[in-house]
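Asker: The following block contains the structure, expressed as structure tokens.
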Amino acid sequence: MKDYLHLDGRRLAYQLDGPDNRLPLVLLHGFCEDASVFDPLMPLLPRQRVLRVDLPGFGASDVPGRPGMAMYAEALRAVLDDLNIRRCVLVGHSMGGYTTLEFASRYPEYLAGYGLFHAHPFEDSPERIENRRRGIEMIRSGKKDLYVSQLFPALFTPAFAAAQPQVLHALIEQGRRQPDEGIVAALEGMIGRRNHLDTLQAANCPVLFVLGKEDQIVPYTEALDAASKTRVADIRLLPGVAHMGMYENPVQVASALNEFSAFVTASF
Ligand code: MLT
């Protein structure tokens, strides 16, 4: 069940599940999604206290007043403070990973460990910026349905999309329900985000990388290069997985999360 708090007069939705434990696992979703994207993992994380937040402009959270990964990071901090969570393991999927890095650069004291799940620390390439600008134009000219129907198929392998079309349809439906302003703010935020290689290099906690060998959005070779710059990295390279490991291989993704949490807890 979702809970809510208000930040600057805007509603923020989050969900806390599982038994009480010392280090909650916080999961941040990616672009055009909401916290329900982690539903396939939940039965596989039975011993974890899991906090999931709908980032501003997605799910049941109100649209933000300004774009940016910093704004998402501030929203997360508000939820953690409200719940009196002083330390956690934070794992962000894709855009949630970009937010995780922004959070790590601002508030490292909250993190016993953090993870990039199909995410990397690099800023957008000029081509990616161009693509996002085209996306903003499409949304602003009322073509959200077309935009989301083109977005999600590129996140899966063709084999998965053919075998489980219902997953894709459900995500496209979820994308259609997200407000235009939330989508535009996320695109602008991703365009404006900075390179966080320095944040990774400065991490004084373990960093988890969960990467898909077939990911076309976050090529694993680039992410591995970044991973090699961290002091302590736990790297999971998943064969046959593209950008949506929580659907494509929930068992391996959940093992990565459980084992990383156990490792962080033991060394904390
Ligand atoms: C996401 O899944 O959050 C996005 O694909 C990330 C991106 O476009 O860089």
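Asker: What is the one condition in (1) assigned to a loop (DSSP other than H, G, I, E, B); (2) without any contact (Cβ under 8 Å) to a residue 40 or more places away in the chain that Arg66 does not satisfy?
Answerer: Arg66 satisfies every listed condition except (2).
Asker: Of these, Leu76, Leu90, Leu151, which one is touching a helix residue (DSSP H, G or I) at 6+ places or on another chain (Cβ under 9 Å), part of a helix (DSSP H, G or I) and within 24 Å of Ala256 (Cα to Cα)?
Answerer: Just one listed residue meets the conditions, Leu76.
Asker: Okay, next question. Quickly run through region 11-28 and pick out the residues that are under 13 Å from Ala78 (Cα atoms) and either among the acidic types (Asp, Glu) or in contact with a helix residue (DSSP H, G or I) (Cβ under 9 Å, 6 or more places away or on another chain) (or both).
Answerer: Of region 11-28, the ones under 13 Å from Ala78 (Cα atoms) are 11-14.
Residues satisfying the conditions are Leu12, Ala13, Tyr14.
Residue-wise test of (1) touching a Pro at 6+ places or on another chain (Cβ under 9 Å); (2) surrounded by 24 or more Cβ atoms within 10 Å (Cβ to Cβ).
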| position | (1), (2) |
| --- | --- |
| Leu27 | no, yes |
| Arg49 | yes, no |
| Asp54 | no, yes |
| Asp62 | yes, no |
| Gly65 | yes, no |
| Asp81 | no, no |
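Asker: Given the criterion at negative phi and within 13 Å of the ligand (Cβ to nearest atom), identify the matching residue among Arg176, Arg132.
Answerer: Only one candidate passes the filter, namely Arg132.
Asker: Tell me, please, whether a residue that is without any contact (Cβ under 8 Å) to a residue 12 or more places away in the chain and either basic (Lys, Arg) or closer than 23 Å to Asp180 by Cα (or both) can be found in region 104-127.
Answerer: yes
Asker: Are there any pairs, at least 6 apart or on different chains, whose C-beta atoms fall under 8 Å, with the first in region 246-259 and β-branched (Val, Ile, Thr) and the second assigned to a helix (DSSP H, G or I), and if so, which?
Answerer: Close Cβ pairs satisfying both conditions: Val251/Leu44; Val253/Leu41; Val253/Gly245; Val253/Met246.
FYI, it's all coordinate maths here, none of it is from the lab. What you are looking at is a predicted structure, and each value in this text was computed from that prediction instead of being measured. Positions of Cβ are generated from backbone atoms using ideal geometry, with glycine treated the same way; all protein chains shown enter the neighbour counts.
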